[in-house]
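In what follows, a structure is listed as structure tokens, so that the remarks can point back to it.
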Amino acid sequence: MDDDDDVENIDDEIVSDHESDDENPVEIVNAFMNIVQNGNHVANGEVEILDDVELIVEGTNQKTEEGMIEEHKTISNRLLSWFKRLKPEHFKDFGIGGNDYLTEYVNDELLFPLEKCKDASKQFKESGSLTGLVEKCKFENEDSLIAGICMGILDDNNSLDVDFSVLAEDRFDNWSIKQLELYFNKVAAEGIDASPLKFMQLTLSSPANAILLLTYYFMLTNKFTSRIEEQESSENSLEELDDREIYQRIVDASAHHWQHNKSSVKRDAQINRDLNEFFHEIEATTVEMEEQFENTVGQRSEIISLIREKVPRLETPSELNLQIMTKEARDELVRSRAAMELLKNQTMNAVREARKVYQGKTLLEKHHALKPGDFCMARMLNTDTADLKHAIVEQILSAEKYRVKFLHNNETADRHVRDLALTNHGLCSPLYNGFGDVGLRVAVCCPLNTGQYSKTWIWKTGTTASRRSGHRGDFLVFLDDGSDVYVTAPCKAGDPGYSTVVAKKEGAPLTFQDVLTRMKAARIAVMVGQPFGESGRIERQLVHRWVRERHRSHFIKTYMKDFPEFQVLKMPIGFRTTMTKLPPDNKEKHLITVVGLDRVFAIVRYQTPSGAPGYNCFEYPCKDSTHYHMDEHVYRGSSRITQVSSMREMMTQVNNNLSKRKKDQLASQFELSESVKTMPQRSTNQALQTSVPSIRTNANKENQVKQKALTVAEIEKKKKNQLLFHKTVVPTPNISKEKRAPHSQCGPDCLQKMDANPYDARFHTNSPLHTPLLCGWKRLKYTMHSGKKRASVKKVIIYRAPCGKPLEKTTEIADYLRSTRSQLTIDCFSFAPDVDTETYITVDQKYVRMSDISVGLEGIPIPLVNSVDSDPNPVLEYCKRRFPYNASVDVSSISQDFCSGCSCDGDCSNSLTCECQKLSAEASDKLPKHLKFEDNKRLGSTYSQRVLTNKVITGIYECNDKCSCKRDACHNRVVQNNIKYPVHIFKTAQSGWGLRALTDIPIGAFVCTYVGALLTNDLAEDQHGSDQYFADLDLKDGVEMAKGDEDHETDLGLGDEVSDGDFTEEDDNDSDDDDNNDSTVQHRVKIGNRKHETRRNSQEDKLQHTEINGENGKKEEETEKKEEPVFNWDDYFDKFALYVVDAKNRGNLGRFLNHSCAPNCVVQHVLYDTHDLRLPWVAFFTIKTIKAGDELTWDYQYTELNSETSRLSCNCGSEVCRHRLL
């Protein structure tokens, strides 16, 4: 049974049911909708599934939006082709006559002649109404007329610009369109033919309405003209009232005040306020409206005289027939005449009050009022991002609302003063002298790029933001759409275009062409709506209220509050960071490179896909027409630039524990916006390549000359030699094991005497994950299929113990190791299917410089190899423990006396009972909500079977010597153990010495620590020229930086790529290859100072934004942050507040990890030999699966301490490389 047969049978059921008078029509419709939408047939209270469709989720085969639109076009064309050929009798009274209605109900020719249809659409366009067109165009009824008009519209793709508003009234709405899209999606997804009958049933439409709905949707999807205007209701204005109605309003208002205000003092105050509000509408209509009002009041006497002539008036009550009036009636008459006299007085007071209000306005406020017939510019839509078009004022609706007519299409619309701009004199009027530079709402003429080498001009609204004197005479304007521009506009005699703007046309009214010429020269138009204060002058502190978009409004509010002390980020040419694209509330970050500077603007270029034309081109402007670049001028203080707003907040926030030194470092990256007077700078590809050193080194001049002499071929040769290693396979032995009888409980005998210590020398040349396989275990990889067609494939790992028992989870392995008392540890096992345990890296013996640079201090040997050049070995006294730099450094707190231990009796696998793991959770609980883990879940175990599951910015408390747990088996002892994964130190082509993984390393595995001499911060500041291997132990600064960070959508530091948004200017390059350095460059490695690596759901900013709606006295509500008292770290610890690790002369292999902009390792602070938060251990963990032969890297995040230091380049080679470190 095909799809149409299903529908026809369903319809037969509905028709037969409807013929019964006993059935409820509502229930019939509900049953029908259930059948159409869900495919279910309801009968006698039971649900019968019509089709049993197997649901297969295929994430990789999702159709694109463009593809769906194309399929929708095809479906609508097929349906329209059928409806346009319906036979007249079926069009008039459609009904199912059989299963072959698709062919029997249609003719070969169209329903109506095409010329007749085109004439009907033309007649409808001219009249704008359907009234009388049925007879005029000779159609049978209105449904036929609708169909004919639609067929005419379809013939010329609505070239007449027919408005669908009248046609759509009572025929279709948004619900109909939604139902259409749902049905089209189903047809496209299931690959079935579209059924006209099912379409009419689903959209509840007749054939005529179906043709209309399909016609509108066809125009919409093909991007032809398809207007449906919504009529806006507006209150009656004064011009719509006659004189008597205006007078009656005044009388009614006065009577209201008289009757509801007993106290004369309160009455006068209330009357004044209400009258101000009432006549504010009058004064906004300028002098002409005032004269009209006064003339209306003057006509009152004429109206009264006319009434007296027609109706004789009795002068006194005595002339009445007192016999027919009761005493109560006479008293009421007297009271009414007395009240009338009072109302007359109130009326005169109202007139005087209106004059006083108008006369009290300043010239500037009067200048911003429009009157009917004035030219202006107005937004096409009521949004801040919509551009402005020329219009003319038709009617004043209220003090803040006008009805305008657009001159390019003759359409009328009601617009608020915030959406209207004056077209008189731009900024050439002397009224704007002295304050127009900052806080003025304007519209500017901006280029709209239609291609890399072509552009058009549109008018956008914005706010002036800086003094022209500091920007070479140009206006700095923050546009409402989030972009920023410099505008050159005339404002005084002698400026280009000034004479054109102020030119007067004597003896003739201003024409539209005159306005166009004037505004072309003006370049800036002043908005009608301005932030006027009580004094009648513009208050820049209030200008943010006139911006609808709340992100932009908040930025302008902050800017105006700090002006002229607002700061911008230093962004030299070649600087790389990330930035969000427009609109301002966009969250997606994109990598950018600064290619030019223009005063407070940075000219940035968005990174194009790798391999695209111009991918490595940074010349500005680019002269190669084959390159495609997306460049943008961005204000260097814009909150769209990653971390600008958060860094500024952290510098200014008083109530935080960020160290003064850190605040100074952040402040050094900014400069005052008003002090920037630099000339524009442009970049070239050559400049970007040669303006910075090629590697991070403090080499002498001879070494620098040697480095510059290296050719590209020589560098490529070094890179090739760097990879001179071999991948070998460590075989898994086929060990014969005695057969074990089936058993329910495993014990030591299950290991069959093959158990061994994982640090045994025979395991030094294999992966620790391969060690169990050498001890009788088996690691089996299975490929799982779901059985469904095109279903996804899943790979799983299952271990088999020496006794043959299968183990599928790490918890099962942990139980097995406990019950058998095995020497193997839990971190010797991994269920990651992408980890290869057999591969091991070897190098030729001729390249091995040292067999073990650690001289046996580590659990495994650390070779030193060099296959690149003949440079000498690094000078390093290897050590595993940190130590004080000299006797002045107090490290007495590194003691078990400063620790607390757990009372566990096993391996601490239960994080809920282990007191040490509870300390980590309690510290994490004290973080603000936005820094906690996803869904604000409480931190459970920091390690999962010795694998780091979550980056913990408050530090991890490991078990220590005070704990009663088993040291070798404890799951909460990781960093204090010897390293397990084999690595060697090797010479790189451009980055000195590096660290290479010899086996695969799974995600979250511990690599090594960073060890060296401990210095106080003051002592470290005195070590000029010797800070190449400094690392701040700034656990506290890391937490405070995370608190102040506004962008909380970073990663955990595990499982994903490191966020591109974590870039600041605090960068440096790689490990060192020359220990004899004498450069004056000052920089430090920023340990653990990522933005923060906790995930959370993004929280919206709670800025309260009040719309301007014309009501007087309405104030904006603001949410202020409560300042809570905090423990002041620096004041308490004084000069011992911060410690620094120096690994230059004495250290471990951690000093050889190079920098990368896309690192595979991350820093985690760990506490185990002391709980002094100033002295955590710095440990490196992997954040992605590392393959054998990969270099181990992390993000240095250097901070520039001296603005005069040399700039250092980055040679990590990643796709997101920032190309610079300092």
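The values are calculated or read from the model by the stated rules, or taken from the named source; none is laboratory data. Quantities reported herein were computed from a predicted structural model and do not represent experimental measurements. Counting neighbours? That spans all protein chains shown, and the Cβs are built from the backbone with ideal geometry, glycine included. Protein only, heavy atoms only, side chains kept; ligands, DNA and RNA dropped before computing areas. Shrake-Rupley method; radii C 1.70, N 1.55, O 1.52, S 1.80 Å.
Please compute, over every Cα-Cα pair in the stretch 379-436, the percentage with a separation greater than 19 angstrom.
Working: 608 of 1653 pairs.
Here the long-distance tail beyond 19 Å is 37 percent of all Cα pairs in the stretch 379-436.
So how much accessible area does Glu394 have, in Å² to the nearest 10, using a 1.4 Å probe?
Only protein atoms counted, so the area is about 80 Å².
With N denoting the number of residues in the stretch 740-882, provide Rg(C-alpha) divided by 2.2 N^0.38 Å, to two decimal places.
Numbers: Rg = 20.1 Å, N = 143, 2.2 N^0.38 = 14.5 Å.
Here the answer is 1.38, to two decimals.
Given 0.36 nm per residue, what is the gain on full extension from Gln845 to Asp495 after removing their alpha carbon distance, in nm? Intermediate values should be presented prior to the final figure.
Numbers: separation 350, 0.36 × 350 = 126.00 nm, distance 7.74 nm.
That pair, Gln845 and Asp495, stretches by 118.3 nm at full extension.
Taking amide H atoms as placed 1.01 Å from N in the peptide plane, list the residues 5 or more away in sequence, or in a different chain, whose amide H sits under 5 Å from that of Ser909.
It is His971, by chain and number.
If you count, for each residue, the other Cβ atoms within 10 Å and average over each peptide, how do 369-382, 1148-1161 line up from highest to lowest? Mind dumping the intermediate values first?
Details: 369-382: 18.4, 1148-1161: 24.7.
The densest-packed peptide leads the list: 1148-1161, 369-382.
Does anything in the stretch 792-832 have its amide N under 16 Å from the 7 Å Cα→Cβ label point of Arg740, and if so which residues?
The answer is 799-809, 812-824.
Working out 0.36 nm times the residue gap between Lys371 and Glu65, then minus their Cα-Cα distance, what length gain in nm do you get to one decimal?
Details: separation 306, 0.36 × 306 = 110.16 nm, distance 4.70 nm.
Full extension of this stretch gives 105.5 nm more.
Provide Ser854, Ser819 ordered by accessible surface of protein heavy atoms (probe 1.4 Å), highest first.
Numbers: Ser854 0, Ser819 35 Å².
From most accessible down to least: Ser819, Ser854.
Using amide H atoms built 1.01 Å from N in the peptide plane, name the residues 5+ places from Thr1193, or on other chains, whose amide H lies under 5 Å from its own.
Long-range HN contacts for Thr1193: Asn1160, Cys1161.
Classify the stretch 405-531 as rounded, prolate or oblate, taking a ≥ b ≥ c as the square roots of the eigenvalues of its Cα gyration tensor: rounded when a/c is under 1.5, otherwise prolate if a/b is larger than b/c and oblate if not. Don't skip to the end; give the middle numbers.
Details: a/c = 1.34, a/b = 1.10, b/c = 1.23.
Because its axes are fairly even, with a/c under 1.5, the stretch 405-531 counts as rounded.
At R0 = 22 Å, how high is the FRET efficiency between Glu808 and Arg967 if r is their beta carbon distance? Nearest 0.05 is fine.
Numbers: r = 28 Å, r/R0 = 1.28.
My answer for the efficiency is 0.20.
Could you go through the stretch 174-188 in sequence order and give the Karplus-derived ³J(HN,Hα) for each residue, using 6.51 cos²θ - 1.76 cosθ + 1.60 with θ = phi - 60°, rounded to whole Hz, and x for Gly and Pro?
4, 4, 4, 5, 5, 5, 4, 5, 4, 5, 4, 4, 5, 4, 5
Hey, what do the phi angles of the stretch 1179-1189 turn into as Karplus ³J(HN,Hα) couplings, whole Hz, using 6.51/-1.76/1.60 and θ = phi - 60°, x for Gly and Pro?
Result, rounded to whole Hz: 10, 9, 10, 6, 10, 7, 5, 9, 8, 4, x.
Calculated FRET efficiency, Glu332 and Phe406, Cβ-Cβ r, R0 51 Å, to nearest 0.05? Intermediate results must be reported in sequence, preceding the final value.
On the way: r = 56 Å, r/R0 = 1.10.
After rounding, the FRET efficiency stands at 0.35.
Could you state how much accessible area Thr511 has, in square angstrom rounded to the nearest 10, with a 1.4 Å probe and all protein chains kept in place?
Spelled out: Thr511, probe radius 1.4 Å, area about 60 Å².
What nm value, rounded to one decimal, do you get for the distance between Asp93 and Lys778 when each label is placed 7 Å out toward the C-beta?
8.1 nm
Just to verify a number: FRET efficiency for Leu114 and Asn616, C-beta to C-beta distance, R0 = 60 Å, to 0.05? Before the final figure, lay out the partial values.
Working: r = 57 Å, r/R0 = 0.95.
Between Leu114 and Asn616 the formula returns 0.55.
Quick one: which of 553-564, 628-639 comes out on top by average Cβ neighbours within 10 Å, and what's the full order, highest first? Don't skip to the end; give the middle numbers.
Details: 553-564: 18.4, 628-639: 19.9.
The peptides rank, most packed first, as 628-639, 553-564.
How far, in nm, would the chain grow between Lys561 and Thr608 when pulled straight, counting 0.36 nm per residue and subtracting the alpha carbon separation?
13.2 nm
Accessible area of Met784, 1.4 Å probe, to the nearest 10 Å²?
100 Å²
For the stretch 610-616, take each phi angle, set θ = phi - 60°, evaluate the Karplus expression 6.51 cos²θ - 1.76 cosθ + 1.60, and give the result in whole Hz per residue in order, putting x for glycine and proline.
So the Karplus estimates, Gly and Pro as x, are 4, x, 6, x, x, 4, 9 Hz.
Using a 7 Å offset from the Cα along the Cα-to-Cβ direction at both Arg467 and Thr225, what is the distance between the two label points in nm, to one decimal?
5.2 nm
Sorted by average packing, counted as other Cβ atoms within 10 angstrom per residue and highest first, what order do 864-876, 122-134 take?
Numbers: 864-876: 16.0, 122-134: 14.4.
For the peptides 864-876, 122-134, the packing ranking is 864-876, 122-134.
Once label points are set 7 Å from the Cα along Cα→Cβ at both His764 and Leu342, what is their separation, rounded to one decimal in nm?
That separation, rounded to one decimal, is 11.0 nm.
Can you classify the stretch 515-627 as rounded, prolate or oblate using the Cα gyration tensor, where a ≥ b ≥ c are the square roots of its eigenvalues, rounded means a/c under 1.5, and otherwise it's prolate if a/b beats b/c and oblate if not? Could the numbers behind the result be given before it?
Numbers: a/c = 2.42, a/b = 1.75, b/c = 1.38.
Prolate, since a/c reaches 1.5 and a/b exceeds b/c.
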